[in-house]
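Here is the structure we will look at, set down as structure tokens.
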Amino acid sequence: RMDQALLLVRNELPALGLNLAALSASCHQCLYQFLAFVPPSNESLRKPGTASVMVDTQHPLTLLLNSSVGDRDLCKIQYHFGEFGNYSLVVKTLSASTQNVSCDLIINEGSINSYLPILFAFLVYMGILAILIAGCLLMKIDPVRNWVYKKLNPRATDRMINSELGSPNTADSINCDPTPQSWSTGSRQRLRSLDTFRGLSLVIMVFVNYGGGKYWFFKHESWNGKLHFPSSLFSRFVFIMGTSIALALGSMLRWGSSKWKVLRKIVWRSFVLIPLGIIVVTPNYCLGPLSWDNLRIPGVLQRLGFTYLVVAALELLFTRADSGTWVSYDILPYWPQWIFILVLETIWLCLTFLLPVPDCPRGYLGPGGIGDFGKYPNCTGGAAGYIDRLLLGEKHMYQHPSSGVTYQSTMPYDPEGILGTINSIVMAFLGLQAGKITLFYKDQPKQIMSRFVIWGIVMGIISAILTKCSKEEGFIPINKNLWSISYVTTMSCFAFILLLLIYYLVDVKKWWSGAPFLYPGMNSILVYIGHQVFANYFPFKWKMKDSQSHAEHLTQNLTATTLWVIISYILYRRKIFWKI
């Protein structure tokens, strides 16, 4: 099967059976898992004992062979098996006069290179990009542009050139933008970098949710540590939501809306997102009608809705319309907001590390299952999992957490649970700071970029302290499932730097229009809900000839993702934007 290899164990030891166990390098402090019993060789028939097993190829494995009698370790081998490879492990004595045992790993049939489809897909998309760039350059040649004008409607063509290549003057650029404006009357142009940032995160999220070609590095980390693509996507979405809150609220208040009117809009949007998540996005109607008995209550839109409600209401309560220095705008006038966030974080720390959890050590942050040498199998997520099971019930939580594969945990655990929502509020609040900086220094790009760098460095330093720059040994490890505070500061560090780069390329230098990520970024709710609802329907999914092929999965997932980008582009051209 995909991500597996065949291992044939040949036991040439007479009268001594073997136990084969394995340990994955991705499983921290785990117990060896039994794979097979290998019978002793038959001396009379001169036939070795054999056993065949499937081994994982995603991560390096440590194989342990010990005798079935006396449980004596005979050999230990570390090896990274290749996908669809065929291997033999031969166990024999070096000589009849000695008890020394040799274990030789032999490659019977080489593995395939499962990463070639990624290279091919990259080259295809680079080819498409090269063609588009060549077309844009040709459009700058007067005879070519005049020929296009004769074939197309001049007004539509001008609008297309302005939106794709960037308008040669400010007025044209503003006129061709069909979206509501985020700036004051002095500078009314919408920040494309925010939509591009949001769209980039959304497109990758759609690709990952569709399967990511079934590659392990496009899946969520099983527990602590390595920040794969999926681990940072939702957090970036939360971050840019906070950034947009600052710009949107400032714009509405400057246009004369009362705070009560804005508050009603905030509440309405939040309480639309939450039911959308529970009723439309979370259930899989292909498995049957909606039932309260096993309905998952937490979810992505649910967390976004509640986080938006808290952060937007907090900003509305203390928002200001004047201008001032960096320290003033980032810290001092908003000290009540910072106190509120610090109180929330204190609650998270106290509940996480001080709340008594039955049959679990206080402050436990592990995955349960076979992790921590199997001491706490039912403690997945510690206090976070316990609170969800207590308040929501096990049947209303996510039933297949990412820790279930590597750590073999059996307890339900929801990565969008109650306790983690506190830190998603912190994440959005840090994004809010980016929005304030962008708003207050809208005519000073150097000031904006320098402050993004400062915030990124500060967040990075905090992360380094909390994690001790290690995967497992820090005070608070980086953990997407728990939404640990170190995860929030690390993702915020990356978000500030990424937003800085996109802002510089798109809004300052205008070297990049933001396409194609700009389009889904301007219709993010529609694309997110649509890709979830239609995930199992053609043309986003079809029956494969070989379901064990990364190439077929990658083709299907990239096709589905590209279709949503095309759909968002068509909606952009028709000025259709779904706002809540």
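Enumerate the pairs (first residue in region 416-442 and on the phi < 0 side of the Ramachandran plot; second residue anywhere and open to solvent by 10 Å² or more (accessible area, probe 1.4 Å) and polar (S, T, N, Q)) with beta-carbon separation below 6 Å, excluding pairs fewer than 6 apart on the same chain, so at least 6 apart or on different chains. Cβ pairs passing all conditions: F440/S323; Y441/Q447; K442/S187. Only a single criterion out of (1) open to solvent by less than 30 Å² (accessible area, probe 1.4 Å); (2) on the phi > 0 side of the Ramachandran plot is not satisfied by C469, namely (1). So is M160 open to solvent by less than 90 Å² (accessible area, probe 1.4 Å), at pLDDT below 85, in a helix (DSSP H, G or I) and not assigned by the TED database to the domain that holds F239 or not? It is true that M160 is open to solvent by less than 90 Å² (accessible area, probe 1.4 Å), at pLDDT below 85, in a helix (DSSP H, G or I) and not assigned by the TED database to the domain that holds F239. Just checking, which of V300, V343, V310 is open to solvent by 20 Å² or more (accessible area, probe 1.4 Å), in contact with an Asp or Glu (Cβ under 8 Å, 6 or more places away or on another chain) and at pLDDT 90 or above? The conditions single out V300.
Within region 18-38, being buried (at least 16 other Cβ atoms within 10 Å of the Cβ) and either part of a loop (DSSP other than H, G, I, E, B) or in the same structural domain as K375 (by the TED database) (or both) holds for S26, C27, H28, C30, L31, Y32.
Cβ-Cβ contacts under 9 Å between residues 6 or more apart (or on different chains), taken from a first residue in region 561-580 that is modelled with pLDDT of 95 or more to a second residue that is in a helix (DSSP H, G or I) and open to solvent by 80 Å² or more (accessible area, probe 1.4 Å), are listed as T562/Y125. Go through V69, V90 for me and flag whichever is open to solvent by 30 Å² or more (accessible area, probe 1.4 Å) and within 17 Å of L16 (Cβ to Cβ). That would be V69, the only listed residue that is open to solvent by 30 Å² or more (accessible area, probe 1.4 Å) and within 17 Å of L16 (Cβ to Cβ).
In the set (1) assigned to a helix (DSSP H, G or I); (2) small (G, A, S); (3) surrounded by fewer than 23 Cβ atoms within 10 Å (Cβ to Cβ), the condition left unmet by A535 is number (1). Residues in region 507-556 that are under 30 Å from K446 (Cα atoms), among the aromatic types (F, W, Y) and out of contact with any Gly (no Cβ under 6 Å at 6 or more places or on another chain): W511, W512, Y519. Taking first residues from region 244-257 that are in a helix (DSSP H, G or I) and partners that are among the small types (G, A, S) and open to solvent by 10 Å² or more (accessible area, probe 1.4 Å), the Cβ contacts under 6 Å between residues at least 6 apart in sequence or on separate chains come to L247/S182; S251/S182; R254/S184.
Is it the case, given these coordinates, that G514 is at positive phi and either open to solvent by less than 30 Å² (accessible area, probe 1.4 Å) or modelled with pLDDT of 95 or more (or both)? Criteria met by G514.
The values are calculated or read from the model by the stated rules, or taken from the named source; none is laboratory data. Owing to the predicted nature of the structure, the values given are computational and were not obtained by experimental measurement. We place every Cβ from the backbone using ideal geometry, glycine too, and count neighbours over all the protein chains shown. What goes into the accessible areas is simple: the full protein's heavy atoms, side chains included, and nothing from ligands, DNA or RNA. Shrake-Rupley method; radii C 1.70, N 1.55, O 1.52, S 1.80 Å.
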